[in-house]
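Asker: Encoded as C-alpha cells, here's the structure I'll be asking about.
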Amino acid sequence: RKDCVCELILVISTELCIDLETSVVVVLHVSANVVDQTRHEKEKHFLTADGKEESFPSLMDPPSLELSVVVPSYNEELRLPVMMDEAMEYLEKRQKKNPSFTYEVIVVDDGSKDKTTEVAMKYTKKYGAQKVRVLTLVKNRGKGGAVRMGTLSSRGRLILMADADGATKFADIEKVEEGLESISEKPDNMAISCGSRAHLEKESVAQRSLFRTFLMFGFHFLVWFFCVRGIKDTQCGFKLFTREAALKTFSSLHVERWAFDVELLFIAQCFDIPVVEVAVNWTEIEGSKLVPFWSWLQMGRDLVFIRLRYLTGAWSGVYLNI
C-alpha cells in the first residue's frame, strides 16, 4: 500500500509540474508583445530645410554614407542643443579634414510633449537635411523603439546610437570605431562596439546611496544570469554597429523600453555577432528620465521575460545557442 501511495503521489506531482510548466509557457506566449513595426504615414517622411517632405530610406538599402548617428529624444528641448552643438562641431571638423567622410544625424522625437522637434529642426535648417533629419514619432514608443525607428531609417555604413543628454563625449566615437576595427573576424561584416562606463564603477559606488548601489549590482547580476555575459556595461547609450549587425539585431528586437540594450546584445550573442567593450568618458547629466526604483524594477522584469520568451519560443527570430 505504501508503494502504491508513493507512486500515486509521484504521478500527481509529475502531472502538476507538467501543468504548471504548460501554464507558464502559455502565459509567456499570450503576454508576449508583438512589436508594431508599421509606420504612421507621418513617420515615413522628414522635412527638408525649406519645409518639403521627403521619404526616409530603409536599412535594407545599400549604405550611401559613412556614418549615421541616431539620437533618441523624449522631452529634450533643453538638453538636446548642448549635445547637438558638440556632435555637429566634431562631425563638421572631421569632414573638413577628410572630405570623403560623410555623415547624417537622425534625431528621433519619441512623442515628446515639448518643443524637441522644433529644436532639432533648427539644425536641419542650419546644416541641411542631408546632414540632419528629424523623425517625429506620433506616439511614445520608448527609448528602444525610438532607436530602432531611427536605425531603420538610416543610410550609414556604420550606425552610432548616442543619447540626447550628451553624457558621453562625442569625440569618443573614435574609441568605439577603433574597437570595431580591432575585431578581426566579422561574420557577414557584423560587429558591435559598445561604449562602457565600467571603469567608473568604483567612483559611482562612492557617490551613490546604498539603495541605488544595491539596485545597480542587482541589475548587473540579473543581466549576467539571464541574458548577457562578457559585457560589464550593457546600458551605456553609446554603441556603434556595422550596418549588417544593426539590421540583424534591430529587426529581431521586441523590448522598446529601458532594457532594449540587453535584448540587442542577447540577440547579438545568439547570432555569434562579435561584441567589444570600450571605455568612454562619461558625465552624469541632470534631467534623466530614469526613475531609480520603478525603472530598475521594470528592467528586471524585462530581463526575466527576455530569457524565458526566447527559451520557450514565444519570441522568434533568434536561433538560440543555449
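Asker: Scanning for something acidic (Asp, Glu), crowded, with 17+ Cβ neighbours inside 10 Å and modelled with pLDDT under 90, does region 161-181 turn up at least one residue?
Answerer: Yes, that holds for at least one residue.
Asker: Given the residues 129, 146, which is the only one that is touching a residue at least 40 places away in the same chain (Cβ under 8 Å) and out of contact with any Pro (no Cβ under 9 Å at 6 or more places or on another chain)?
Answerer: Residue meeting the stated conditions: 129.
Asker: Considering only residues that are at pLDDT 90 or above and charged (D, E, K, R), look in region 266-287 and name the one that is least open to solvent (accessible area, probe 1.4 Å).
Answerer: 277
Asker: If I ask for residues that are of a type in the set (A, V, I, L, M), under 14 Å from residue 161 (Cα atoms) and open to solvent by less than 10 Å² (accessible area, probe 1.4 Å), which ones from region 234-261 would you list?
Answerer: Selection gives 240, 245, 246.
Asker: So, one more: Can you give me the number of residues within region 88-130 that are in contact with a Phe, Trp or Tyr (Cβ under 6 Å, 6 or more places away or on another chain) and either open to solvent by 10 Å² or more (accessible area, probe 1.4 Å) or not in a helix (DSSP H, G or I) (or both)?
Answerer: 5
Asker: Does residue 228 fit the bill of being touching a Ser or Thr at 6+ places or on another chain (Cβ under 8 Å) and either modelled with pLDDT under 80 or open to solvent by less than 10 Å² (accessible area, probe 1.4 Å) (or both)?
Answerer: yes
Asker: Please state which one of 154, 68 is assigned to a loop (DSSP other than H, G, I, E, B), at pLDDT 95 or above and hydroxyl-bearing (Ser, Thr, Tyr).
Answerer: The unique qualifying residue is 154.
Asker: Scanning region 131-142 for residues that are among the charged types (D, E, K, R) and open to solvent by 40 Å² or more (accessible area, probe 1.4 Å), which turns out farthest from residue 86 (Cα to Cα)?
Answerer: This residue is 139.
Asker: When you scan region 88-102, do you find a residue that is at pLDDT 95 or above and touching a Gly at 6+ places or on another chain (Cβ under 8 Å), even just one?
Answerer: Among the residues of region 88-102, not one is at pLDDT 95 or above and touching a Gly at 6+ places or on another chain (Cβ under 8 Å), which makes the answer no.
Asker: What's the number of the only condition in (1) of a type outside the set (Lys, Arg); (2) out of contact with any strand residue (DSSP E or B) (no Cβ under 9 Å at 6 or more places or on another chain); (3) part of a helix (DSSP H, G or I) that residue 140 fails to meet?
Answerer: (3)
The values are calculated or read from the model by the stated rules, or taken from the named source; none is laboratory data. It should be emphasised that the depicted structure is a prediction, and the values quoted were computed from it without experimental measurement. When we count neighbours, we look across all protein chains shown, and the Cβ atoms used for this are built from the backbone with ideal geometry, even at glycine. Each accessible area value is taken on the protein alone, full model and side chains, heavy atoms only, with ligands, DNA and RNA left out. Shrake-Rupley method; radii C 1.70, N 1.55, O 1.52, S 1.80 Å.
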